[in-house]
Amino acid sequence: MKVAVIGCGTIANGQHIPAYMANEKAEIKYFCDILPERAEAAVAKYGCGIAVTDYKEVLADPEVEAVSVCTPNRMHSIITIDALKAGKNVLCEKPAARIYEEALAMQQAQHESGKVLNIGVVNRFDLAVNEIKHLIDAGELGEVYQVYVSFRSHRSIPGLGGAFTTKDIAGGGVLIDWGVHFLDIVMFCCGDPKAKTVSAEKFSKLGNPIEDYVYTSMWAGPPVTDGISDVEEGITGMVRTEGPIITFNGAWAQNIGENEMFIDFIGTKGGIRLQYGKDFTLYSTKNGALTKTEFTFPANQKFQTEINSFIECIETGKKSPAHIDTNIITARMMDAIYRSAEEHREIVLEA
Ligand SMILES: NC(=O)c1ccc[n+]([C@@H]2O[C@H](COP(=O)([O-])OP(=O)(O)OC[C@H]3O[C@@H](n4cnc5c(N)ncnc54)[C@H](O)[C@@H]3O)[C@@H](O)[C@H]2O)c1
C-alpha cells in the first residue's frame, strides 16, 4: 500500500515514518513538507520515497492510498478534507482540528467519501489504557462516578511565542495540546459518554509577557520574544457527562514544583490512578482488607499499533476506536470547555 507523510517534523520522524517503515504492507511513496530540506532529509534518511513541497501533488497520484497528516493544527482540516475528497484514507494527528466546526467538516467529508479517517489519539492503542478500559467494562471498579484529570507541569510552555502559543495556528494552548490526550483516555475508558454541562476557566499568567518567563529548558524550539502568546497555559473545570463527572486541572506552567500527570478513575468498588504514558495502580478491597495492585506493562508500541490499525482499517473496513466519529465527542466537549472559559459561565449542551 503506497502511503505519504505530509509534514515531516517531530511526530512524523519520531513515530509515523518509523512505524510505516516497520509495517510490511506499507510503502512510503512521498515525504511532503513545505520546507523542502525536511522532505529531502527524510528521503535521504529512510532511503525511499519522493520529496515534495505541495501536498496536492501527493493527492493527485492515484497510486497513493493513504496519508498521514503531521502538520501543525491549522492545516489539519484543510489537508484532511482535500485528501478525503481525492479518495485517500487519512490518519490525522491530534487534535482533529483547531475548532469544533473544522472537526465537524472533517467528519462530514469522511461520511461523504466513505474513506477511513482516524485521528492520532494514540493512547487508544496503549496497553495500560486498554487494560483500564477492560477492568471498567468488567465491573472491577463498580460504578465509575468521578474522574479527576491532572496534566500539570512546573515550567513547560512549548516554544513560547511560536506555533504552539499562537491561537491561529494551534487553536488553543495546553487543553488542545495535552488535555486532548488526557480527556480522550477518559472518554475511551468510560465508553465515550457525551458531555451534558461544562464549566471552566483558563489562565495565562507565567508566560505573559514572554520576556518575564523563567524556565530551565524549552521544548518545541527556543522562545520567540517578539512572537505571539495568545493561548491558555492553564485551564481548570468540570464536565458533567452521561457517565462520570470529570474534573480537570491542566497547565503547561504552574508554580507546583513536581509535574502532576495522571488520571484518577474513581469507582464504588475500586479506583485506578494511571500515571500518564506509564503504568497504573488499582486500589480496592477484598474480604475486609484494603488492596493495592500494581499493573506494569512491557515497552509501549502504541504508535506502531496505531499505524498498523490504520492500515488494517483501510484493508478490512473495520472501524477503529480512533475514528473521527468517536473523536468528535471529545472535540465537542473541548469546544464547550473553551466557550465556558471565555464566557465565564456554564455551558449546557443539547442532548
Ligand atoms: N500524538 C502525539 O502524541 C503528538 C506528539 C507531538 C505532536 N503531535 C501533533 O502532530 C502535529 C505536528 O506536530 P510536530 O511537533 O511534529 O510539529 P513540527 O513543527 O515539528 O512539524 C510539522 C511539520 O509540518 C510542516 N508543514 C506545515 N505546513 C505544511 C503544509 N501545508 N504541507 C506540508 N507540510 C507542512 C512544517 O514545515 C513542519 O516540518 C501537531 O498537530 C501536533 O499536535 C502529536
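Nothing in this text is a laboratory measurement; each read-out follows from the coordinates by a stated rule. In this text the structure is predicted, and so the values were computed from the model without any measurement. Heads up, the Cβs are rebuilt from the backbone with ideal geometry, glycines too, and the neighbour counts pull from every protein chain shown.
Structural remarks
- Span per principal axis, largest first, for the Cα atoms of the chain (Å): 63, 50, 40
- Secondary-structure-derived ellipticity at 222 nm for the chain, considering helices only, amounts to -9000 deg cm²/dmol, per-run term -39500 (n - 2.57) for DSSP H runs with n ≥ 4.
- With the Kirkwood sum run over all distinct C-alpha pairs, segment 185-261 has a hydrodynamic radius of 14.8 Å.
- The angle separating the long axis of helix 127-137 from the principal Cα axis of greatest extent in the chain is about 50 degrees.
- Divide the volume of the convex hull around the Cα atoms of segment 252-344 by the residue count and you get 214 Å³ per residue.
- Cα long-axis angle, helix 302-316 against the chain (0 to 90 degrees, to the nearest 10): 60
- With Cα atoms, 0 to 90° folded angle of helix 100-113 axis to the chain main axis: 60
- Highest to lowest packing among 147-154, 37-44, scored as the average C-beta count within 10 Å: 147-154, 37-44
- Just so you know, the Cα atoms of segment 30-118 work out to an Rg and Dmax of 13.1, 39 Å.
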